[in-house]
Amino acid sequence: MSSLRRNAFWLLPIAALVLLLAIWQVYVDAGGVSQLVLPSPHKVLVALVDDRGTLWHNLKASGTEILLGILVAGLLGFSAAVVIHLWTPVRVSVYPLLVASQAIPVVTLAPLLTLWLGFGLLPKLVVIGLVCFFPIVVTTLAGFETVDPELVKLMRTFDASRLEIFRRVELPSALPGLFTGLKLAAVFAVIGDVFAEQAGSNSGLGYLLNATLANLETAEAFATVFVLSAFAILLFALLSVIERRALPWVYQAKVISSR
Amino acid sequence: MISLEGVTRVFPGRRRGSADVRAIDGVSFDVAAGEVLAVVGPSGCGKTTVLELICGLQAPDAGRVQSAPAALMPQRDLLLPWLSAIDNACLALRVRGVSAAQARAAALPWFARLGLHGFEEAHVWELSGGMRQRVSFLRTLLAGKPVLALDEPFAALDALTRAEAQGWLARALVDAEEPHTVVLVTHDVEEAVVLGDRVVVMSPRPGRIVKTVAVELPRPRVRTDAAVVALRAEVMSALGVPA
């Protein structure tokens, strides 16, 4: 790749963002749109700076919930995928239930969870867990399915037990799938956490979003959404970096196949 | 070492109502200890089925299969990308419960013998196709089974690399501490004649043995040698290809 194209690779998304913000600013200024309906990017930026203390405080609360939620969903989702992969009866009986669990409208479930479990951390973890569990299970299972049947035959001629085949071949093959699931979960968890906090909470960015919107502090609400998005992007990027470090062969295989 | 008696293998048709597929039909042969048997035949003649029967991965529908324990070497190298070259070679030893240090000590001299010296810690994607196949062979060899079942091991290599690979395979079989009995499945007639003590020629599906050719030539064999060329022609005509 030429240096020009490499620079363009970084500059293009930034240029697109700047252009979008410019159009937005001009539209609000020139169109005389009320700041209550649609605040200009400048007003949002001012709100970001002015409210940085409040935003930071609530980000800490939401961030903790989201990270813990992804951790719990990751552990449970991965374990479930392993069990489903290893035991066909479980796959047949439990998989449809998993699909059904994903179809539960979290918006209606969140208030019920608040009723049952209170205003604390637990209902948030349940909501995030519900939202993130399924993608992690599905992508991890897809990872297990990438194992070449020939490789399993080879291992059997080496007298490998089911456990040895799982440990040495299947488990490493499933890890890229797990990471794909975690990256999806990073985004879903942010949305789930907002739902959970809006249903009942006294801290967090979802709570802040509720409070600012109720007070018609639209610029502050936009600033909150900005922080949420930035956090999701950060989490996604962080997981991508960890994946590249932990599973270098995944990246290498892509480089070689694109040569 | 290996004995097949009237072995037949039938696979049920893929779709309901479609006819069953007879992969091999009444195949019989014996392989003596230390012998290299080459099996040649057109695609779909059940060569891989023969190997999997010997490895105990399939059971015959009729007939009898007896074999000493066999380790498979697949056509594609199927190296594990999360392991270094030497750890891939050690896979079978590790599965058997040999410690990492002992397994590496066993593999190390082989890396030198097969021209892989200095590539012990290399990532799989840093190895050339020929090197990957050497590591794959080593993995099967170090499994320590008396029988090696090689399934078109060099089919994916270019002609030059393949000739080179046949050279190191022949040397490795001589160098091994304990003699190995080898079943080499290939569709490369020249490879069969250069490497085999006997060549079994199979017909298209259903696979039957149409001819067995003994290769009583001194080793190492040169592919341009008149006797090799003559045997190659004999096998080719048994396959129905004018030489």
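State the number of residues belonging to the stretch B:173-211 that are at pLDDT below 85 and either part of a strand (DSSP E or B) or in contact with a helix residue (DSSP H, G or I) (Cβ under 9 Å, 6 or more places away or on another chain) (or both).
4
This table checks each residue for (1) of a type in the set (Val, Ile, Thr); (2) modelled with pLDDT of 95 or more.
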site: A:PHE179; (1), (2): no, yes
site: A:ILE191; (1), (2): yes, no
site: A:GLU197; (1), (2): no, no
site: A:ASN202; (1), (2): no, no
site: A:GLY206; (1), (2): no, no
site: A:LEU213; (1), (2): no, no
site: A:THR218; (1), (2): yes, no
site: A:ILE233; (1), (2): yes, no
site: A:TRP249; (1), (2): no, no
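Evaluate the stretch A:46-59: report whether one residue or more is outside any helix (DSSP H, G or I) and in contact (Cβ under 8 Å) with a residue 12 or more places away in the chain.
Checked against the condition, which is being outside any helix (DSSP H, G or I) and in contact (Cβ under 8 Å) with a residue 12 or more places away in the chain, the stretch A:46-59 yields at least one hit.
Just the residues that are closer than 19 Å to B:GLY56 by Cβ and either assigned to a helix (DSSP H, G or I) or away from chain A (no Cβ under 12 Å) (or both), please, taken from the stretch B:123-147.
B:ARG139, B:THR140, B:LEU141, B:PRO146
Filter the helices (runs of 4 or more DSSP H) completely within the stretch A:145-233 down to those with at least 1 residues that are in the same structural domain as A:ALA61 (by TED's automatic domain parsing) and closer than 18 Å to A:PHE78 by Cβ.
A:162-165, A:171-199
Can you name the residue in the stretch B:49-66 that is in contact (Cβ under 8 Å) with a residue 60 or more places away in the chain, more than 10 Å from chain A (Cβ to nearest Cβ) and under 15 Å from the mean Cα position of the chain (by Cα) and is also nearest to B:ALA214 (Cα to Cα) among such residues?
Among them, the one singled out is B:VAL50.
What do you reckon, is A:VAL169 aliphatic (A, V, I, L, M), at pLDDT below 95 and more than 18 Å from A:LEU55 (Cβ to Cβ)?
no
Taking B:ARG76, is it closer than 19 Å to A:LEU151 by Cβ and of a type outside the set (Asp, Glu)?
So B:ARG76 fits the description; yes.
What pairs can you find where one residue is in the stretch A:153-181 and within 7 Å of chain B (Cβ to nearest Cβ) and more than 18 Å from B:ALA100 (Cα to Cα), the other is of a type in the set (Lys, Arg) and part of a helix (DSSP H, G or I), and their Cβ atoms are less than 9 Å apart, with a gap of 6+ or different chains?
A:LEU154/B:ARG139
Being surrounded by fewer than 23 Cβ atoms within 10 Å (Cβ to Cβ), in contact with a strand residue (DSSP E or B) (Cβ under 8 Å, 6 or more places away or on another chain) and on the phi > 0 side of the Ramachandran plot is the filter here; which residues of the stretch B:45-81 pass it?
Result: B:GLY56, B:GLY63.
The values are calculated or read from the model by the stated rules, or taken from the named source; none is laboratory data. All values derive from a computational prediction rather than experimental measurement. Cβ sites come from the backbone with ideal geometry, for glycine too, and all protein chains shown count toward neighbours.
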